[in-house]
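Here is the structure we will look at.
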Amino acid sequence: MTTVKTEAKTEKKKITHTWKPLFNLLKVSRVPIYYYVIYLVVSLAFSTVYVLLPSVKAQIIAGEIFDPSLVVTYVAVTLASTLLSFPLSFFSVYISYNTQRCLRRTIWSKIIHLPMKDLDEMPPTTLVSRVTTDTENIDYTISYVINMVLYVYYLVSMLAIVGGVNTSMMIMMALLIPCIIIANIPSHFMHNAQYEITTANANYTNYLAEHLGSLKQIKASAAEKKEDAANDAAAKACFKAKVKMAVLDMLAQPLIYGMDAVVDGIILIYGGYLLSQGILTTESLLTVYMYGSIIAVYSYQFVFCWQNVKQTQGGTKAISEIIMKEPEKMERKRTFDIPDADITLENVTFSYNDGEKVLDDVSMTFPKGKVTAIVGPSGSGKTTVLKLLERLYQPDDGKIMFGDIEAETIHLNEWRAAFGMVPQSSPLLFGTVRDNITYGVDEGVSDEALKSAMDAANVTELVDKMPQGLDTDVGDVGSKLSGGEKQRIALARMMIRDPEYLLLDEATSSLDALNESHVVSALGKLMEGRTTVVVAHNLRTVENADNIIFLENGKVTGSGTHKELYESNATYKQYVNLQKQEQRA
């Protein structure tokens, strides 16, 4: 089982607080900013009416309830604000969902166009969070910013009204400004804390997704105690990150809600003094008190929004990093519509993200129209050669040549479409048997072509036994099928594509002897006249190959026909003899 990091590591370097990646994401995602502008304008108009209510209420409380114009104004404003709030609320939700859709479309497109080396650094479960949770965080950020603009407008409008009642009271209310600034101090640290929470949650999700899918292996290995400890460590990392946020929140809350006390103090003490001096009337004091209460609420709502903006800024850092990565460039200098030629690896060196060399200065040739077998011990780099030929990865050094043309100059999408790859284990996609067999075929597939591919892969009998035939659901990554059944469906998919070049990585290893016999026969017909590269331990496949390349520790230690290698390479001779002993056994 793959080891999963269960500790959320805190970055030692300073985390940069920048909005540039987020703005770039919004731009490339074509988020409908004009919707937000419309929403903001309508909300500001609504706010202009709404801020009149406290003044009207104060006059009514002061005894002017029998003034018809005042009552009509109060009823009209209340009714208008109530009726307008419903469509405005719906519009806000609609904008939010539309933004999430735009972001998810962009992020998904970005992910599937990233080079494999970048994707290897990000577990699939982490990418799920990037597409789902992180997009919601970005949407929340925009909503919080809009609300902050509205709260500023509310505060300025209400302070202006208070200033109209009494200028000195408005000046005293300005004491809220330093309170707001002080209350925002913890927000700076919340950015980093939220990034730690996001990292810890992603690691824990990765751990759960992998290990919950491997419960049989855990039980068979009697590893329950070990996994208990690993789970506790992952959960503890989440706990510690969230406690850090809770501490910051604990420090911020008294500062936020303390603004209530500041406003009350100003109104009760200073306002009471002005009332006793005859500078303020009772009605004026009530008006100031009504507005003061709301000003306090909007002040700490503003701080609350700013803190959440900083948190979501930290939470969206990871997705911003993905957006900044360079995608694969599909369009190159030349088309792949050129005459067939030998494929050659020239002095190729390659390593995965761990930096350890898998291939070291390797050179080999795959003759056009011939079958080349790659053999050697496990871990010698055989499958990696196939991945390089499919151009899922690029060499660290050296180059891949197609005749006298460098493969790097040929359109990447055309190159990959020309290659049919069947790995040792072929996970299926969620959907039906038909969906999986025809996956990757642009044009509609005729019933005759479908049946021919199924017969060749020995799938027809299997499908006939299924309750809904080709429309039977295969389950999550083919969970309803055995390994051999999945492999036969994958072979049928490759056969219906009818690729120009074949890459087979132990393609029949999951099949029983009877199915293997049928499929090998079908593959033999498919390989006729095609450039084929086979990774196999099956001695019959190796012996019948036109050319054999023997790999050891990432280096080519021999090449030639079976007979030539058997006579000239002691390791290959030992390899063949062991195979023969196993067959006799």
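A few remarks follow.
- Members of region 384-406 that are over 15 Å from L504 (Cα atoms), touching a residue at least 60 places away in the same chain (Cβ under 8 Å) and not in a loop (DSSP other than H, G, I, E, B): F402, I405
- Tally, over region 250-292, of residues that are assigned to a helix (DSSP H, G or I), surrounded by 14 or more Cβ atoms within 10 Å (Cβ to Cβ) and either modelled with pLDDT under 75 or among the aliphatic types (A, V, I, L, M) (or both): 18
- Odd one out for F366 among (1) over 20 Å from F550 (Cα atoms); (2) surrounded by 15 or more Cβ atoms within 10 Å (Cβ to Cβ): (1)
- In region 540-585, the residues that are aliphatic (A, V, I, L, M) and either more than 25 Å from L345 (Cβ to Cβ) or over 44 Å from the mean Cα position of the chain (by Cα) (or both): L565, A570, V576, L578, A585
- Any chance V93 is within 30 Å of V56 (Cα to Cα), in a helix (DSSP H, G or I) and without any contact (Cβ under 8 Å) to a residue 12 or more places away in the chain: no
- Test: residue in region 116-123 that is farther than 30 Å from P54 by Cα, open to solvent by less than 40 Å² (accessible area, probe 1.4 Å) and in contact (Cβ under 8 Å) with a residue 24 or more places away in the chain: yes
- Single unsatisfied condition, N137 versus (1) under 30 Å from P54 (Cα atoms); (2) surrounded by 18 or more Cβ atoms within 10 Å (Cβ to Cβ); (3) not acidic (D, E): (1)
- Hits in region 19-39 - residues which are among the aliphatic types (A, V, I, L, M) and assigned to a helix (DSSP H, G or I): L22, L25, L26, V28, I33, V37, I38
- Residue ranges of strands (runs of 3 or more DSSP E) in region 487-568 with at least 2 members open to solvent by less than 50 Å² (accessible area, probe 1.4 Å) and within 30 Å of E414 (Cβ to Cβ): 501-505, 531-535, 547-552
- Single match in V433, V463 (criterion: crowded, with 16+ Cβ neighbours inside 10 Å, within 33 Å of the chain's Cα centre (by Cα), at pLDDT 85 or above and more than 28 Å from K370 (Cβ to Cβ)): V433
The values are calculated or read from the model by the stated rules, or taken from the named source; none is laboratory data. None of these values were measured; they are calculated from a predicted model. No Cβ is skipped: glycine too gets one built from the backbone with ideal geometry, and neighbour counts run over all protein chains shown. Note: accessible area is taken over every heavy atom of the protein model, side chains too, but ligands, DNA and RNA are not part of it. Shrake-Rupley method; radii C 1.70, N 1.55, O 1.52, S 1.80 Å.
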